[in-house]
Amino acid sequence: MTDPAVNDQIVFFDTTLRDGEQSPGCTMHHDEKLRMAHQLAALGVDVLEAGFAIASDGDLESIRAIAKEVKGPRITSLARCKAADIEAAARAIEPAHHNRIHVFLASSDLHLEAKLRITRDQALEQAAESITHALRYTDNVEFSAEDATRSNPAFLLKLVIHAVSAGATTINLPDTVGYTTPDEYKALFARMKAEVPNSENIIFSTHCHNDLGMAVANSLAGVEGGARQIECTINGIGERAGNAALEEIAAALATRHDKFPYRHNLKMKQLYPTSKLLAEFISFGCSPNKAVVGANAFAHESGIHQHGVLANPLTYEIMTPESVGVPANNMVLGKHSGRRLLEQRLAELGHPLTRPELDEVYARFTTLADRKKSIYDQDLIGLLKPEDSIM
Ligand code: KIV
Ligand code: ZN
């Protein structure tokens, strides 16, 4: 397999099993990680970050098992710029046919001074040394400049040029704390593309966190600036407010292909099954109003919307549920629903109504819906009066 990042091709780098897993409530057991990795391969992700090998023996073993068993994606492990991390990552990814070591080092002065207590020059040296070290074990090294979006732009450029000279072929510019805005992030990639020598041979990567709710928008803006790899997670799980949600990015690329004319290898109908599988393994599902895969993403309760969707789904659906693997849309009967859906539901239940009957039943339905939040089929049957011919 060759990395498919040429011009209009987006590389999907999934970090559900690393950045996603390291957030509260998202820890997975070995077997769960393995099953999830198989599902991510079925979804068609290009790069699968299976964990952080130095974090624990268990994580190293999970990455190694994924590297052995899961075919298709390039398997990677994260590593700090430390020899022990790189050795652990190398051991974990070794069985994979296509692998990568992903090394990272902070680039903002805040992180260099407060966390790492090193100078900018030491950072340049550590990054180059670690990339050289990692290249002993794989021919594919990614370098991430942690907190890139809060870094001094001139220093960031220098660090990236150092990393590229040392042999990194993917350069990731993470918005580690979800601080940037779409216009800023786009400009950052455009600048790197323009100023890093031989940048046409480098794949630049987005990695956005969602602290201000802009992770998906920022990722897409990064692509417009020249990035061709997107790092993201299923259901947007990840540190704090999460990472950019893979399914939202994929749906945006498909729905707004006019604006984002890129190709990718994802199998769109696997989006929903992948989201559901993850929810089985971690301690929370996604919120009902979560875009694309939430329970309400294709649900309609108001009469006006139901009427429109029954006439033509495009009135209130910008993608079909089936296109992202959701079995069907969902018409919910509630106090905002109109006669049309009530009539249709009762007919499906074997009770076709005449217009006067429908008017009567609808009056009783609205009274019921005012006091009962969820209306079930049995409630509807109960609304039919005994003297109705349809009973
Ligand atoms: O958010 C971040 O900066 C990261 C890096 C380690 C890639 O997750
Ligand atoms: Zn991250």
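The values are calculated or read from the model by the stated rules, or taken from the named source; none is laboratory data. What you are looking at is a predicted structure, and each value in this text was computed from that prediction instead of being measured. Note that we place each Cβ from the backbone using ideal geometry, even for glycine, and neighbour counts take in every protein chain shown.
Brief remarks follow.
- Across segment 134-158, the qualifying residues are those that are surrounded by 24 or more Cβ atoms within 10 Å (Cβ to Cβ) and away from ligand 1 (no atom under 13 Å from the Cβ), and the one among them that is farthest from residue 74 (Cα to Cα) is 134.
- If you check 242, 226, 178 for being in the same structural domain as residue 48 (by the TED database) and more than 13 Å from ligand 1 (Cβ to nearest atom), only one passes: 226.
- Residue that is assigned by the TED database to the domain that holds residue 232, away from ligand 1 (no atom under 16 Å from the Cβ) and polar (S, T, N, Q), where the choices are 199, 205: 199
- Any hit, segment 299-317, residues being more than 30 Å from residue 367 (Cα to Cα) and of a type outside the set (Phe, Trp, Tyr): yes
- When the test is whether a residue is of a type in the set (Asp, Glu), under 26 Å from residue 169 (Cβ atoms) and under 15 Å from the mean Cα position of the chain (by Cα), residue 247 does not pass it.
- Restricting segment 15-28 to residues that are more than 17 Å from residue 92 (Cβ to Cβ) and not small (Gly, Ala, Ser), the residue that is nearest to ligand 1 (Cβ to nearest atom): 26
- Number of positions in segment 265-283 that are polar (S, T, N, Q) and either buried (at least 17 other Cβ atoms within 10 Å of the Cβ) or free of Cβ contacts under 8 Å to residues at least 40 places away in the same chain (or both): 3
- Selection within segment 56-96 - buried (at least 24 other Cβ atoms within 10 Å of the Cβ) and of a type in the set (Ser, Thr, Tyr): 62, 76, 77
- Residue in segment 135-148 that is assigned to a helix (DSSP H, G or I) and out of contact with any Asp or Glu (no Cβ under 8 Å at 6 or more places or on another chain) present: no
- Qualifying residue in segment 142-161 (condition: within 27 Å of the chain's Cα centre (by Cα) and away from ligand 2 (no atom under 16 Å from the Cβ)): yes
- Qualifying residue in segment 6-28 (condition: more than 16 Å from ligand 2 (Cβ to nearest atom) and modelled with pLDDT under 95): yes
Conditions (1) more than 16 Å from ligand 2 (Cβ to nearest atom); (2) of a type in the set (A, V, I, L, M), marked per residue:
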position	(1), (2)
37	yes, yes
42	yes, yes
62	yes, no
71	yes, no
97	yes, no
105	no, yes
129	yes, no
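- Residue check, residue 381 outside any loop (DSSP other than H, G, I, E, B) and among the hydrophobic types (A, V, I, L, M, F, W, C): yes
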